[in-house]
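To keep things clear, I will list the structure first and then write my remarks on it.
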Amino acid sequence: MNGDQFRKALQDGDPEVRRRAVVAAGASLGRDFGPPLMQALGDADWRVRKEAVQLANRCAVELGIVDDLVLAICQGDNVGLRNAALDVLEELGQAAAPALIAALPTAPEHARKFVVEALGESGGERVVEELAKAALSDDANVAGEAIEALARIGGPAAEAAIRGRLTASDAFLRLAALDALNRRDAFISWEELKPLLDDRLLRRVALTALGRTGHVEALDPLLEALEESTLHTVGVAASALTRLLGSSSEIAQAAEARLSELSERARTWLRAVLASGQDADARRAAAELLARARDVEALASIVNQLAHEAPSAPVIEALRGWGLSGVDPMLTLLSRLDSAEERAVALELAADLALVHGTPTEDVRTRVKGALRRSLLDSEHAVVAAAARCLVLWADEEDADMLVGHAMSAEPAIARAAARALETIAERSPDSVERALAGTSFDGLQGAVLAPVIAKIGGPHAIDRLQALMSADDAEVRRAALHGLGRVGGERAAGLVALALADEDNEVQIVAAQVLGRLRDENGDAPGVSGLVNAVGSEFAHVRAAVARALGQTGSLRAVDTLCEMLGDEDSGVAMAAVEALGQISPGELAQSLKGALHHHDPEVVKAALRALANGHDPAAPSELIQALSHPAWDVRQLSAELLASLCVVEAEPALRAALARETDDLAREALEHALTAVAGGA
Amino acid sequence: MPLLFDSGPRIKPEEFRLLRDLVNDFCGIRFPDDMQFTMERKLRERLQTLEINDFAEYYHYLRYHPDGRAEIERAVDVLTTNETYLFREEYQLRAFQREVLPLLHERGQQQRRLSIWSAGCSTGEEVYTLAILIRESHLFEGWDVRVIGNDISRRVLQVARRATYGNSSFRAMPQNYQEYFVESPEGRTVRADIRAMCNFAHLNLLDTARYSVIGAVDAIFCRNVLIYFDTASRRKVIEGFYERLYPGGFLFLGHSESLLNVSTAFELVHLSSDLVYRKPLAADPSPFRGETR
């Protein structure tokens, strides 16, 4: 198709023929397609225009029709053409900016708004300058559009231009500027905002900005706004106020007394926001303020929110501020609640509040313990799990029997929490837990749950029990037993852990390796080295990698030879683990040890070795890094340059220059240039 | 010839030889030439599972496929007889309980530790039998007692850990040991306190370098396992056993097995109802140097 054919086809009365002509034109683009494409952009049928917009997005610059597009948005006769041209100009972005800037001073009044709108998609320093001028236009539409466009572009210059319009004589422009800065989350000083608060039109938008001032003076207007008679304004003020309180501890402190004396009217509004369908941010803010105001009446709603929505840390912190005074209201609420999730939250909060300021009185202790013990018998799992979690801090010897029962629960959350609580008791009174466990079967997954408890009790029985768990047919139990053996330690435990290196389950082998890596005897030596060395022949790469890491963790020089051999492992992951392990052990001649890795086929392994050398400040690091500047992989060359820069190896300068002269990769060149600067600075 | 033998891929003599040698290198087990058809029949299921058309391709899979090593384990599992039972060769066990355990008790007074290794334990019956005998002796209460079983097959180790057996496993067990088992829906399960004494390891007996995970032991039971091994592999394994045994430690072989032509490092001990091998008390740390290869 040529230009004439294209033009002719656009004369056809059938819109589908015209649409297809645009599609066909896209397939055989000619230099003379500009005018017919403009014609298609102004076609009476929207399907033809849509196709034309897509084609123009691809080739407007090439066909030289950008000026025509600008003219098209300045005309007022064909609205379809204007909108299509605007779409294309916005899509062109920076490429359209010069033509748009040039058109701005001469564009007809009605069209300047569109020119500005299109400029907003361009960005760039020059565009911001032009938009800043447009923002000062006498035409409120143009100025408003310019403020919008500047907000979309963003950046300090754009924000400064918008800020300048906060004092515009036109209230709508002030509103546009304020709203634009809010959307940019830009800081507006208290001094700038103060005069805007008296303006009824601007007040609500200004309240949002007050939250970002970090100024104590902003407290008053925000607290006052909580008494205003619209739910939305109270929500906005609440959000801003919580943001302000979070900005500095001084402001939070200053607000504390004010919030405790919060009027009943403000409280009522906040409770209404909390119970409303407003956005989650406003409801969370209301909950936080009511918690800070110690509003007992709102407690049920706050607990409801915490139980059913994502728990908010500031709300919980605000509730913790109640301390002991919150325990009774929370326990009272607990007794009234139907929802299991809410009971769980109320229980955990009551238990936490009682401990937040240190040891509670005996009376409080008795009441909380009573609630926790009753909750352990609750029919709902969520409540039992919450009680068990609390007992991690609250449990004493008397609870051991009951907790052992719960550790046997089929519900994992309950079993795990109960086991953790038992660990706490075992810390203080191992005998009581030992007694409670007497006659308990460790069969099945309960063994995995109780393994940490057994380890905490310690003593010879612990090893016997953990050994028994090592014969379990469930690998999870054996893994838990291994962790337990690691905590108990000692020669016998080390032997059992070493045996697990030959477990038929790979994950158990991995845990065994990890535990052996951590184990130390009474002299501080790692008893697991020889076991680990014998396990490097595993057929599974992830096991070998775990063994390599564990060898590194032993810190033993006896592991070095084995790790050096592992550098040649065909699996890169294993070689990487060996590099890291050698770096951890840091044998005297690290570079010599890492030789295998420096010549590995996988660049990632080479990079790990270079990093290990550099991090260890090995004396051979500079020469190895200089050699690596000639590595076939660009990323190795780049890293070598970066490491030479960070180590500031002055003598590397000639090698860096030579490398830069032959380097073809952009990123590697950039690193080399930076390294040369760094090295020159060091010299 | 029954129809069954004609269905599925046939193993050619050269394929049999290649597979036989591969298995031998892997785990020391040597299949005699008359095993060709048995191997063909037993491995057909593996070929079907892997959707492999012939034994040449299967050999290639074992050698070069990433899962090849795991597949050799499965092949060995299929090819070898795992069948064992509780209290097998009871006369030997009686000798162990009545004569060897008291000796080990006397010798271990200071450390109060007893380790027994059931090498090639298959589904675990021997491991639990030994643990029951130790418990029955009442000599080791309060001691650190471990009975360790190993096998090359992950599948049989899972069975061993479950410790639940059907009637055929009990065919040789004297009635008075019933109390060590509890009834379960799948059969009879070894009591938890006996299971607690037993641990298992996935270990190829030919991989002697890894024996160290077992630690030092007082006695090794390796009964009716080495009969499948060639002489070189047998020597290697016996050398590994020697290294693992404490001086004075015992080695129990099957009634038809001996160390003749394998090792002279052990001394033969005559018990009232059996002959066992023992590592000399003043043992040479490396008596095998020059002997095994």
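The values are calculated or read from the model by the stated rules, or taken from the named source; none is laboratory data. In this text the structure is predicted, and so the values were computed from the model without any measurement. Counting neighbours? That spans all protein chains shown, and the Cβs are built from the backbone with ideal geometry, glycine included. To get the accessible areas, we keep the full protein, side chains included, count just its heavy atoms, and leave off ligands, DNA and RNA. Shrake-Rupley method; radii C 1.70, N 1.55, O 1.52, S 1.80 Å.
Pop a pseudo-label 7 angstrom from the Cα along the beta-carbon direction at both residue B:99 and residue A:366 and give the gap in nm to one decimal.
Label at residue B:99, label at residue A:366, 7.2 nm between them.
Just counting partner chain Cβ atoms within 10 Å, what average do the residues of peptide B:138-151 show around their Cβ?
On the way: counts 0, 0, 0, 0, 2, 0, 7, 2, 7, 1, 4, 1, 3, 1.
Taking all residues of B:138-151 together, the mean is 2.
How big is the B-A contact in terms of buried accessible area, both chains counted, 1.4 Å probe, rounded to the nearest 100 Å²?
Working: alone 14400 and 30770 Å², together 42940 Å².
Using a 1.4 Å probe, the pair buries roughly 2200 Å².
Taking each residue of A:529-541 in turn, how many C-beta atoms of other protein chains fall within 10 Å of its C-beta, and what is the average?
Mean partner-chain Cβ count within 10 Å for A:529-541: 3.
When the accessible area of the stretch B:18-163 is split by element with a 1.4 Å probe, what percent falls to carbon and sulfur?
Carbon-and-sulfur percentage of accessible area, whole number: 45.
Average the reciprocal distances over every distinct pair of alpha-carbons in the stretch A:237-361, invert the result, and give the Kirkwood radius in Å.
Averaging 1/r across every pair of different Cα atoms and inverting gives 14.6 Å.
Please give the peptides A:621-627, B:252-258, A:344-350 ranked by average Cβ packing (other Cβ atoms within 10 Å per residue), highest first, as a rough proxy for protection.
Packing order, densest peptide first, comes out as A:344-350, A:621-627, B:252-258.
Looking at the stretch B:207-250, which residues lose a minimum of 10 Å² of accessible area between their chain alone and all protein chains in place, measuring with a 1.4 Å probe and not counting ligands or nucleic acids?
Relative to the lone chain, where solvent access is computed with a 1.4 Å probe, the stretch B:207-250 loses at least 10 Å² at B:209, B:210, B:212, B:213.
Which three extents, in whole angstrom, do the alpha-carbon atoms of chain B cover along their principal axes, largest first?
The Cα atoms of chain B stretch 60, 54, 35 Å along their principal axes.
What's the extension gain from residue B:106 to residue B:10 if we count 0.36 nm per residue and subtract their Cα-Cα distance?
Working: separation 96, 0.36 × 96 = 34.56 nm, distance 5.80 nm.
Separation in residues times 0.36 nm, less the Cα-Cα distance, equals 28.8 nm.
Taking only C-alpha pairs under 8 Å that are 6+ residues apart, what is the relative contact order of the stretch A:1-78 in percent?
Rounded, it is 29 percent for the stretch A:1-78.
Grab every C-alpha pair in the stretch A:359-509, bin the distances at 10 angstrom width from 0 up to the longest one, and report whole percents.
Over the stretch A:359-509, the share of Cα pairs per 10 Å bin runs 12, 40, 30, 14, 4, 0 percent.
Roughly how many Å² of residue A:101 are accessible to a 1.4 Å probe, to the nearest 10?
Its accessible surface works out to 10 Å², give or take rounding.
Taking the alpha-carbon set of the stretch A:484-563, what are its Rg and Dmax in Å?
Cα-based Rg and Dmax for the stretch A:484-563 come out at 11.2, 33 Å.
List, largest first, the extents of the alpha carbons of the stretch A:79-229 along their principal axes, each in whole Å.
51, 26, 22
Over the stretch A:1-87, with the other protein chains present, what is the accessible area per residue in square angstrom, probe 1.4 angstrom?
In whole numbers, the stretch A:1-87 has 51 Å² accessible per residue.
What's log10 of I(q)/I(0) for the stretch B:173-293 at q = 0.17, 0.20, 0.22 Å⁻¹, Debye sum over Cα points only, no solvent?
Here log10 of I(q) over I(0) equals -0.95, -1.16, -1.30.
Which FRET efficiency value, to the nearest 0.05, is calculated for residue A:592 and residue B:232 with the Förster distance at 35 angstrom and r the Cβ-Cβ distance?
For residue A:592 and residue B:232, the calculated efficiency is 0.40.
With Rg and the Kirkwood Rh both taken from Cα atoms, where does Rg over Rh land for the stretch B:110-263?
Rg/Rh: 0.96.
Checking the cross-link filter: which lysines have an alpha carbon closer than 29 Å to that of residue A:8, excluding same-chain neighbours under 8 positions apart?
A:50
Place a label point 7 angstrom from the Cα of residue A:126 along the Cα-to-Cβ direction, then list the residues of the stretch A:37-76 whose backbone nitrogen is under 18 Å away.
From the stretch A:37-76, the list is A:61-62, A:64-71.
Starting at 0 and stepping by 5 Å, how many percent of the alpha carbon pairs of the stretch B:1-90 end up in each bin?
Calculated P(r), rounded to whole percents: 3, 13, 25, 25, 16, 9, 5, 4, 1, 0.
Per residue, how large is the accessible surface of the stretch A:272-421? Use a 1.4 angstrom probe and give square angstrom. Mind showing how you got there, number by number?
Details: 6360 Å² over 150 residues.
In whole numbers, the stretch A:272-421 has 42 Å² accessible per residue.
What is the extension gain from residue A:602 to residue A:539, computed as 0.36 nm multiplied by their sequence separation minus the C-alpha to C-alpha distance, in nm to one decimal?
Values: separation 63, 0.36 × 63 = 22.68 nm, distance 2.02 nm.
Going from the current span to full extension adds 20.7 nm.
Go through A:113/A:133; B:12/B:42; B:12/B:236 and tell me which ones have a Cα-Cα distance over 20 Å in this structure.
B:12/B:236
Whenever you get a sec, compute what percent of the accessible area on the stretch A:467-561 sits on carbon and sulfur atoms (1.4 Å probe).
Using a 1.4 Å probe with all protein chains present, the stretch A:467-561 comes out at 45 percent carbon and sulfur.
Rank these by accessible area, largest first, 1.4 Å probe: B:50, B:86.
Output order, biggest surface exposure first: B:50, B:86.
Cα axis of helix A:653-662 to longest principal axis of chain A: angle in degrees, 0 to 90, nearest 10?
In chain A, helix A:653-662 runs at an angle near 50 degrees to the longest axis.
What order, most packed first, do the peptides A:633-641, A:146-154 have when packing is the mean number of other Cβ atoms within 10 Å of each residue?
Ranking, from highest mean packing down: A:146-154, A:633-641.
Add -39500 (n - 2.57) for each DSSP H run of 4 or more in chain A, then divide by its residues: what number comes out at 222 nm, to the nearest 500 deg cm²/dmol?
-21500 deg cm²/dmol
Rolling a 1.4 angstrom probe over the protein chains, ignoring ligands and nucleic acids, what is the accessible area of residue A:70 in square angstrom, nearest 10?
It works out to around 10 Å².
Hull surface divided by four, with the convex hull built on the Cα atoms of the protein assembly as shown: how many nm²?
60.5 nm²
If you restrict to DSSP beta bridges whose two residues both lie in chain B, what percentage is antiparallel, to the nearest 5?
Bridges in chain B are about 40 percent antiparallel.
Dipole of the stretch A:391-432 (Lys/Arg Cβ +1, Asp/Glu Cβ -1, origin at the Cα centre): which of A:412, A:392, A:432 lies farthest to the positive side?
Projecting each Cα onto the dipole axis, the largest value belongs to A:412.
Normalising by the residue count of chain A, find the relative contact order in percent from Cα pairs under 8 Å and 6+ residues apart. Could you put the intermediate results ahead of the total?
Details: 1076 pairs, mean separation 24.5, N = 683.
Value for chain A: 4 percent.
Might you report the magnitude of the Cβ-based charge dipole of the protein assembly as shown about its Cα centre, with Lys and Arg at +1 and Asp and Glu at -1, to the nearest 20 debye?
With only Lys, Arg, Asp and Glu charged at Cβ, the dipole is about 1620 debye.
Would you mind giving the mean number of other chain beta-carbons within 10 Å of the Cβ of each residue in A:28-39, as a whole number?
Mean partner-chain Cβ count within 10 Å for A:28-39: 0.
Can you pull the semi-axes for the stretch A:567-630, root of five times each eigenvalue of the Cα gyration tensor, sorted largest first, whole Å?
Rounded to whole Å, the semi-axes are 17, 14, 8.
Set the Förster distance to 41 Å, then compute FRET efficiency between residue A:58 and residue A:133 from the Cβ-Cβ distance, nearest 0.05.
Efficiency computed from Cβ-Cβ geometry: 0.80.
Considering the Cα positions of the stretch B:59-197, please state its Rg to one decimal place and its Dmax as a whole number of Å.
My reading of the Cα-based Rg and Dmax gives 17.2, 54 Å.
Residue farthest toward the positive end of the dipole of the stretch A:549-657, with Cβ of Lys/Arg at +1 and Asp/Glu at -1: which of A:560, A:582, A:647?
Of the options given, the answer is A:647.
Please pull out the direction-averaged projected area of the stretch B:215-265, using the convex hull of its alpha-carbon atoms, in nm² to one decimal place.
Spelled out: convex hull of the Cα atoms, projected over all directions, averaged, 3.4 nm².
Starting from the Cα of residue A:272, step 7 Å along the direction of its Cβ; do the same at residue A:381; then give the gap between the two resulting points in nm.
4.2 nm
Once both axes come from the Cα atoms, what is the angle between helix B:36-49 and the longest principal axis of chain B, in degrees from 0 to 90, rounded to 10?
Tilt of helix B:36-49: around 80 degrees.
Give the cross-link partners of residue A:194 among the aspartates and glutamates, using a straight C-alpha distance below 16 Å as the criterion and excluding same-chain residues fewer than 8 apart.
Qualifying aspartates and glutamates at Cα under 16 Å: A:179, A:217, A:220, A:224.
Anyone know which of B:260, B:47, B:130 comes out most mobile in the 10 Å Cα GNM of chain B?
Most flexible of the set in this elastic network: B:260.
Mind giving me the FRET efficiency for residue B:90 and residue A:373? R0 is 60 Å, r the Cβ-Cβ distance, nearest 0.05 is fine.
0.65
In degrees between 0 and 90, to the nearest 10, how far off the longest principal axis of chain B does helix B:13-27 point, with axes built from Cα atoms?
30 degrees
Where Lys and Arg each count +1 and Asp and Glu each count -1, what net charge lies around residue A:380 among other residues with Cβ under 12 Å from its Cβ?
Net charge in that neighbourhood comes out at -4.
Accessible area per residue for the stretch A:455-544 in Å², computed with a 1.4 Å probe and the full protein assembly in place, what is it?
34 Å²
Could you size up the charge dipole of the stretch A:546-635 around its Cα centre, putting +1 on the beta carbon of Lys and Arg and -1 on that of Asp and Glu, and report it in debye to the nearest 20?
240 debye
About its Cα centre, how strong a charge dipole does chain B have in debye, to the nearest 20, once Lys and Arg get +1 and Asp and Glu get -1 at the Cβ? Intermediate results must be reported in sequence, preceding the final value.
On the way: 38 positive and 41 negative charges, 93 e Å.
Dipole of chain B, to the nearest 20 debye: 440 debye.
With an 8 Å Cα cut-off and a minimum separation of 6 or more residues, compute the relative contact order for the stretch B:102-230 in percent.
It comes to 34 percent, rounded to a whole number.
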